[in-house]
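See structure below.
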Amino acid sequence: MEIGYKWILYFYKNMTTAELQVMAQASNNYAIGDALHKVKYESSRTLPGKAGVVADTHFHGIRIHEEIRGLMHTLRANGIDVYVSTASIDGVVRVFAGNPHYGYGVPPENVIGLRLAMEEGKYTSRYQPDSHFNYGPGKTVGIKNVLVKQKGYGPVLVAGDGDGDGDGDAWMLRDFNDTAVGLIVNRMKKGEIGADSQQAATQLGNPNARFVLQGRDEHTGLMIPDEKSLKYGKDELKLLA
């Protein structure tokens with residue numbers, strides 16, 4: 001997993017932060033306006049390589065969520081700082097999290113992500129020497145290095161959807177004794193995030209639930225007032241994978 005992520009980051013080599021963020025904003029704007037759809041990608045059949053022909057399906061399109069914007073603004077209005085932990089390069093996510101055009105209002109220093117070393121104002125293909133792989137258990141490390149180090153305690157609320165292969169957010173949802181509730185955007189995943197979702201399912205209706213589920217409709221990309229979710233291409237709400 002870490003090797004694959006580093007390979008993706010090589011594409012940013014020799015770009016300035018400003019160039020990267022202009023590209024990120026253009027990509028965000030395109031995806032917000034694009035229809036939600038799945039595309040199957042397949043490697044060359046004429047140049048299969050040692051791995052043979054590799055195929056995968058990617059879900060295209062992103063949406064701005066009023067519920068998340070409202071939650072972030074309400075937390076800040078009550079003196080609670082909002083952070084974003086990401087397995088992407090921090091400079092890319094700072095655009096969506098902090099640009100006023102999208103409305104989330106997260107300051108750049110509150111985005112914890114992968115960090116590339118810079119030379120003469122441009123990205124290299126190396127991590128910063130003091131950084132770490134901010135994925136899976138690494139997200140807990142990042143929160144400890146930034147949030148806990150500054151404040152002396154962990155997050156009161158953690159929200160996640162699994163990301164990657166379905167378990168990228170599971171550890172940060174459960175690793176801090178200070179966390180009162182873990183909010184899981186229900187993508188009906190298995191693995192580690194699935195275990196947290198199973199626990200949430202047993203606590204439905206409990207006002208003191210440690211984990212709660214938030215459903216969404218994958219046809220619209222928007223949240224729905226239900227713990228269950230509607231998968232793309234399906235017509236029946238489901239609670240768990």
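Go through the stretch 96-116 and report how many residues are under 15 Å from TYR5 (Cα atoms) and not in a loop (DSSP other than H, G, I, E, B).
We begin by selecting, within the stretch 96-116, every residue under 15 Å from TYR5 (Cα atoms); these are 113-116.
Add one more test, that the residue is not in a loop (DSSP other than H, G, I, E, B), and what stays is 113-114, 116.
So the count comes out to 3.
Can you tell me which residue within the stretch 105-121, out of those that are surrounded by 16 or more Cβ atoms within 10 Å (Cβ to Cβ) and in contact (Cβ under 8 Å) with a residue 40 or more places away in the chain, is nearest to ASP90 (Cα to Cα)?
Among residues in the stretch 105-121 that are surrounded by 16 or more Cβ atoms within 10 Å (Cβ to Cβ) and in contact (Cβ under 8 Å) with a residue 40 or more places away in the chain, the one nearest to ASP90 (Cα to Cα) is LEU114.
Return the pair list, or none, for Cβ contacts closer than 6 Å from residues in the stretch 221-241 that are assigned to a strand (DSSP E or B) to residues that are of a type in the set (Lys, Arg) and surrounded by 15 or more Cβ atoms within 10 Å (Cβ to Cβ), at least 6 apart or on different chains.
MET223/ARG216; SER229/ARG216; LYS238/LYS228
Within the stretch 171-187, work out how many residues are at pLDDT below 95 and either touching a Leu at 6+ places or on another chain (Cβ under 6 Å) or of a type in the set (Gly, Ala, Ser) (or both).
Residues flagged as at pLDDT below 95 and either touching a Leu at 6+ places or on another chain (Cβ under 6 Å) or of a type in the set (Gly, Ala, Ser) (or both) within the stretch 171-187 amount to 0.
Test of understanding: among ALA51, ALA77, ALA26, ALA55, which residue is hydrophobic (A, V, I, L, M, F, W, C) and modelled with pLDDT under 95?
Residue meeting the stated conditions: ALA51.
Within 25 Å of THR140 (Cα to Cα), touching an Asp or Glu at 6+ places or on another chain (Cβ under 8 Å) and surrounded by 13 or more Cβ atoms within 10 Å (Cβ to Cβ) - does that describe any residue in the stretch 95-103?
No, every residue in the stretch 95-103 fails to be within 25 Å of THR140 (Cα to Cα), touching an Asp or Glu at 6+ places or on another chain (Cβ under 8 Å) and surrounded by 13 or more Cβ atoms within 10 Å (Cβ to Cβ).
Which residues, counting only those in the stretch 30-57, are in contact (Cβ under 8 Å) with a residue 24 or more places away in the chain and surrounded by 13 or more Cβ atoms within 10 Å (Cβ to Cβ)?
ALA31, ILE32, LEU36
Given ALA180, ALA195, which one is surrounded by fewer than 18 Cβ atoms within 10 Å (Cβ to Cβ), in contact with a helix residue (DSSP H, G or I) (Cβ under 9 Å, 6 or more places away or on another chain) and hydrophobic (A, V, I, L, M, F, W, C)?
Details: ALA180 fails: in contact with a helix residue (DSSP H, G or I) (Cβ under 9 Å, 6 or more places away or on another chain).
So the residue among ALA180, ALA195 that is surrounded by fewer than 18 Cβ atoms within 10 Å (Cβ to Cβ), in contact with a helix residue (DSSP H, G or I) (Cβ under 9 Å, 6 or more places away or on another chain) and hydrophobic (A, V, I, L, M, F, W, C) is ALA195.
Filtering the stretch 1-21 down to residues that are under 20 Å from the mean Cα position of the chain (by Cα) and of a type in the set (A, V, I, L, M), which residue is nearest to ASN99 (Cα to Cα)?
Filtering the stretch 1-21 for residues that are under 20 Å from the mean Cα position of the chain (by Cα) and of a type in the set (A, V, I, L, M), the one nearest to ASN99 (Cα to Cα) comes out as LEU20.
One line per residue, one yes/no per condition, for (1) of a type in the set (Phe, Trp, Tyr); (2) within 22 Å of ARG216 (Cα to Cα); (3) touching a helix residue (DSSP H, G or I) at 6+ places or on another chain (Cβ under 8 Å):
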| position | (1), (2), (3) |
| --- | --- |
| TYR41 | yes, no, no |
| SER44 | no, no, no |
| LEU47 | no, no, no |
| ALA55 | no, no, no |
| GLU66 | no, yes, no |
| LEU71 | no, yes, no |
| ASN78 | no, no, no |
| PHE96 | yes, yes, yes |
| TYR104 | yes, yes, yes |
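Could you figure out which of (1) surrounded by fewer than 18 Cβ atoms within 10 Å (Cβ to Cβ); (2) in contact (Cβ under 8 Å) with a residue 40 or more places away in the chain; (3) under 22 Å from SER88 (Cβ atoms) isn't true of MET172?
Against the list (1) surrounded by fewer than 18 Cβ atoms within 10 Å (Cβ to Cβ); (2) in contact (Cβ under 8 Å) with a residue 40 or more places away in the chain; (3) under 22 Å from SER88 (Cβ atoms), MET172 comes up short only on (1).
Could you please give the count of residues in the stretch 119-165 that are of a type in the set (Val, Ile, Thr), under 14 Å from the mean Cα position of the chain (by Cα) and part of a strand (DSSP E or B)?
1
The values are calculated or read from the model by the stated rules, or taken from the named source; none is laboratory data. Since we're looking at a predicted model, the values are computed, not measured. Glycine gets a Cβ as well: all are built from the backbone with ideal geometry, and neighbour counts include every protein chain shown.
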